[in-house]
Amino acid sequence: DASDIEKGTYPHYMLKEMDEQPGVVRKIIQEYSNDAGELTIDEAILSAISESDRIYIIAAGTSYHAGLVGKQYFEKLAGIPVEVHIASEFGYNIPLLSEKPLFIFISQSGETADSRQVLVKVKELGYPALTITNVAGSTLSREADYTLLLYAGPEIAVASTKAYVAQLAVLAISAYVTGKRKGRKIDFDLKHELAIAANAIQTIVDSKEELHKISKEYLSHTRNAFFIGRTIDYYVSLEGALKLKEISYIQAEGFAGGELKHGTIALIEKGTPVFALVTQAPVALNIRGNVKEVVARGANACVISMEGLDEHDDRLVIPKVHPLLTPLVSVVPLQFISYYAALDRGCDVDKPRNLAKSVTVE
Ligand code: G6P
């Protein structure tokens with residue numbers, strides 16, 4: 001059928017979509033640059049964000065994980081406090097809201113019913129809403145006041161990959177541009193740093209064979225796996241675990257490195273795979289301490305570190321990027337490792353059992 005033609009020589013959409021990620025970041029840089037070549041977003045959206053005293057990010061699944069990183073961006077770059085909520089929870093338990101809230105809905109499809117239900121309530125309450133979506137004209141886009149597009153191209157595989165990276169890029173740009181508008185001190189050039197991140201993603205995409213090896217090494221004979229990280233790496237751990245669960249059916253959990261000892265470490269046995277992300281200098285020693293704790297209990301630890309923070313025995317070292325942009329890069333090896341685990345187990349990579357690309361029922 002037509003969609004198979006679109007897949008070209010790729011065996012799976014997921015593989016094609018992961019490969020497209022460097023291009024997606026470059027396309028976003030282009031789409032969000034003005035004639036002077038500076039990053040920009042629509043003026044009305046910029047005002048809406050700048051004027052809000054608190055941002056409420058609402059999303060589900062992978063988009064929720066992007067929202068957790070987005071909170072870091074808006075708080076650190078724009079100086080606006082952010083709450084991130086799971087759509088299906090928020091609708092039934094609306095927290096105390098600030099004076100001037102702005103709601104940001106993150107949704108690849110723009111059709112997720114759980115998110116739409118919240119949007120309807122938000123509009124009833126009369127608050128402004130911005131949708132960040134890959135699909136122009138989608139329900140969430142039409143019903144919100146403002147839309148920022150992801151420009152990732154159609155994402156067909158049920159497991160979201162390029163849309164997540166696109167969401168991070170658009171969130172970073174929005175926060176950065178807002179911070180600049182508010183006259184905040186920002187000491188780096190995001191456009192330049194995003195271009196570096198795109199190249200770093202390409203390096204990882206080009207190391208597929210190595211990632212397949214890692215996947216075989218750690219995941220061939222396991223029923224479960226853990227992903228750990230601290231601060232921003234923790235959010236990527238959650239996404240890494242979700243990818244693995246979704247397509248390979250290996251039970252996986254993402255944890256904050258420091259929280260492991262408060263219960264979860266009981267699950268570590270001889271050979272349990274633990275993927276640890278080390279991209280954040282302020283917590284690099286702490287997460288390495290957590291790795292030692294699990295190794296002492298027999299875990300098979302796979303440390304994925306960033307250049308500059310790497311140590312001799314790390315299994316994979318990713319190219320150096322700006323500390324806020326590490327999620328765009330560190331998620332990519334986790335996507336590929338999950339892909340190969342699913343492939344080697346004979347799973348239906350693009351259409352995992354029980355899952356739908358967009359869930360339009362509550
Ligand atoms: C479904 C998909 C997930 C996705 C989630 C949110 O559950 O299987 O991959 O992350 O919906 O989708 P959205 O389109 O709102 O980002």
Exercise for the section: Could you pull the Rg and Dmax for the chain, using just the Cα atoms, both in Å? Expected result: 19.7, 57
Handout entry: Using distinct alpha-carbon pairs, which all enter the 1/r mean, Kirkwood radius of region 22-165 in Å
Key = 15.4
Handout entry: Qualifying lysines (Cα of each under 21 Å from Cα of Lys123; at least 8 residues distant if same chain)
Key = Lys100
Fill in the blank from the handout: Set Lys16/Lys208; Lys27/Lys162; Lys76/Lys162; Lys216/Lys245; Lys208/Lys270, cut-off 18 Å on Cα-Cα distance; pairs above it are Lys76/Lys162; Lys208/Lys270
Practice task
Would you kindly give the portion of the calculated P(r) for region 100-236 that falls above 17 Å, as a percent of all Cα pairs?
Solution key: 72
Fill in the blank from the handout: Taking Cα atoms only, helix 326-344 is inclined relative to the longest principal axis of the chain by an angle, in degrees rounded to 10, of 50
Practice task
Select from Leu149, Leu168, Leu140 the residue whose mean-square fluctuation is largest in a Gaussian network model of the chain (Cα-Cα springs shorter than 10 Å).
Solution key: Leu149
Problem - Pairwise centroid distance, computed over Cα atoms, of region 40-61 with region 215-279, Å - result: 32
Practice task
For the chain, set up a Gaussian network in which alpha carbons nearer than 10 Å are linked by springs, and say which option among Thr131, Thr40, Thr62 fluctuates the most.
Solution key: Thr40
Problem - Debye log10 I(q)/I(0) at q = 0.13, 0.18 Å⁻¹ for region 90-139, Cα point scatterers - result: -0.30, -0.56
Fill in the blank from the handout: Nearest 10, in degrees from 0 to 90: the angle of helix 162-181 to the longest Cα principal axis of the chain is 50
Fill in the blank from the handout: Largest first and rounded to whole Å, the semi-axes √(5λ) derived from the alpha carbon gyration tensor of region 1-104 read 32, 22, 11
Completion exercise
Calculated from DSSP helices alone, with each H run of at least 4 adding -39500 (n - 2.57) and the total divided by the residues of the chain, [θ]222 nm to the nearest 500 comes to -14000 deg cm²/dmol
Handout entry: Ranked list, fewest to most other Cβ atoms within 10 Å of each Cβ, for Cys302, Cys347
Key = Cys347, Cys302
Completion exercise
The residues Tyr92, Tyr164, Tyr235, Tyr340, sorted from fewest to most surrounding Cβ atoms within 10 Å, come out as Tyr92, Tyr340, Tyr235, Tyr164
Handout entry: Spatially proximal aspartates and glutamates relative to Lys185 (Cα-Cα < 15 Å; intrachain offsets below 8 disregarded)
Key = Glu75
Handout entry: Residue-count net charge about Pro128 - beta-carbon cut-off 11 Å; Lys, Arg +1, Asp, Glu -1
Key = 0
Exercise for the section: Please list, or write none, the aspartates and glutamates whose alpha carbon is within less than 19 Å of the alpha carbon of Lys213, excluding same-chain residues fewer than 8 places away. Expected result: Asp19, Asp313, Asp314, Asp344
Handout entry: Fewest-first sequence of Glu51, Glu253, Glu17 by Cβ atoms within 10 Å of each Cβ
Key = Glu51, Glu253, Glu17
Problem - Radius of gyration and Dmax over the Cα atoms of region 221-362, both given in Å - result: 15.1, 49
Exercise for the section: With viscosity set to 0.890 mPa s and temperature to 25 °C, compute the Stokes-Einstein D of region 163-246, Rh being the Kirkwood radius across alpha carbon pairs; µm²/s, no decimals. Expected result: 158
Handout entry: Alpha-carbon radius of gyration plus Dmax, which is the widest Cα pair, for region 231-271 in Å
Key = 11.0, 28
Exercise for the section: Please report the Cα spread of region 131-171 along all three principal axes, rounded to whole Å, starting with the longest. Expected result: 27, 20, 13
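Quick note: the coordinates plus some simple rules give every number you see, no bench work behind them. Small disclaimer: the values here were computed from a predicted structure and weren't measured. For neighbour counting, all protein chains shown are included, and Cβ atoms are generated from backbone atoms with ideal geometry for every residue, glycine included.
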